[in-house]
Amino acid sequence: MMARSHALIGGTAAVALGACGIVPLTPIMLIAAVVGSLAPDIDHPHSKLGRMFFFVSYPLNAIVGHRTATHSILALALCAAMMPFAERAGFSKIGFGFLVGYTSHILADLLTKGGCALLYPVSRVRYGCWPAIKTGSKSEALLLVPILGLIVGIAYHINPTFFRTTDVLRGLFEAGVF
């Protein structure tokens, strides 16, 4: 998927978790979720973060390729393992937001034709869902709406009162989301 799709899905997932009361939704958590949703593509030199951190992206891409190491269960586990350290340092919302975004990225890429090497470094076999969509295609844009709707729908089902407050929208506007 493209960066915009990943950012929308990661941000929406963070809002949904805030709505469910799992963690208080703050602007910093939302920003961390969006950054986390872009982070796995650091292994692609032409991605948003890959262009910013080309000194990491190019060598990483040359060594492991795209959608392998950074799109694996091991990478996700390493991110999760950092959570206690983030919490001790007072950055629990940033760590949680980043992990939400990172997870959403991998799940979203499973819907694409490229899939993800989930078991890397044990295996380079790429896993995905069928039917898979082409990254950057019209089908990606069409699939994005139901994905976002599903995330919001689940959160609404768990806590409908969250979405009835104007404070949520005001907070999202102040955070610069809209």
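The values are calculated or read from the model by the stated rules, or taken from the named source; none is laboratory data. Bear in mind the structure is a predicted one, so any value in this text is a computation, not a measurement. Positions of Cβ are backbone-derived with ideal geometry, glycine not excepted, and every protein chain shown enters the neighbour counts.
For this structure, a couple of remarks:
- Yes/no for Leu142 being surrounded by fewer than 19 Cβ atoms within 10 Å (Cβ to Cβ), assigned to a helix (DSSP H, G or I) and at pLDDT 95 or above: no
- Test for Tyr156: is it touching a helix residue (DSSP H, G or I) at 6+ places or on another chain (Cβ under 8 Å) and hydroxyl-bearing (Ser, Thr, Tyr): yes
- Filter result (assigned to a helix (DSSP H, G or I), of a type in the set (A, V, I, L, M) and farther than 14 Å from Leu118 by Cβ) within segment 83-107: Met83, Ala86, Ile94, Leu99, Val100
- Restricting attention to segment 108-136, the residues being part of a loop (DSSP other than H, G, I, E, B) and within 15 Å of Ala69 (Cβ to Cβ) number 12.
- Yes/no for Ala69 being surrounded by 13 or more Cβ atoms within 10 Å (Cβ to Cβ) and either over 19 Å from Val125 (Cβ atoms) or more than 14 Å from the chain's Cα centre (by Cα) (or both): yes
- Test result for Ser47, buried (at least 21 other Cβ atoms within 10 Å of the Cβ), under 22 Å from Ala3 (Cβ atoms), of a type in the set (S, T, N, Q) and touching a strand residue (DSSP E or B) at 6+ places or on another chain (Cβ under 9 Å): no
- Verdict on Gly114 being out of contact with any Pro (no Cβ under 7 Å at 6 or more places or on another chain) and crowded, with 21+ Cβ neighbours inside 10 Å: no
- Against the list (1) at pLDDT below 95; (2) closer than 23 Å to Ile158 by Cα; (3) among the small types (Gly, Ala, Ser); (4) in contact with a Ser or Thr (Cβ under 9 Å, 6 or more places away or on another chain), the condition Ala16 fails is (4).
- Residues of segment 1-44 that turn out to be in contact with a His (Cβ under 6 Å, 6 or more places away or on another chain) and either hydroxyl-bearing (Ser, Thr, Tyr) or surrounded by fewer than 18 Cβ atoms within 10 Å (Cβ to Cβ) (or both), as a count: 1
- Considering residues of segment 104-136 that are hydroxyl-bearing (Ser, Thr, Tyr) and under 15 Å from the mean Cα position of the chain (by Cα) only, the residue modelled with the highest pLDDT: Ser104
- Qualifying residue in segment 38-53 (condition: in contact (Cβ under 8 Å) with a residue 40 or more places away in the chain and among the aliphatic types (A, V, I, L, M)): yes
- Single unsatisfied condition, Ala80 versus (1) surrounded by fewer than 17 Cβ atoms within 10 Å (Cβ to Cβ); (2) in contact with a helix residue (DSSP H, G or I) (Cβ under 7 Å, 6 or more places away or on another chain); (3) part of a loop (DSSP other than H, G, I, E, B); (4) aliphatic (A, V, I, L, M): (3)
- Scan segment 10-45 for residues that are within 19 Å of Cys79 (Cα to Cα) and either charged (D, E, K, R) or within 10 Å of the chain's Cα centre (by Cα) (or both) and the total you get is 15.
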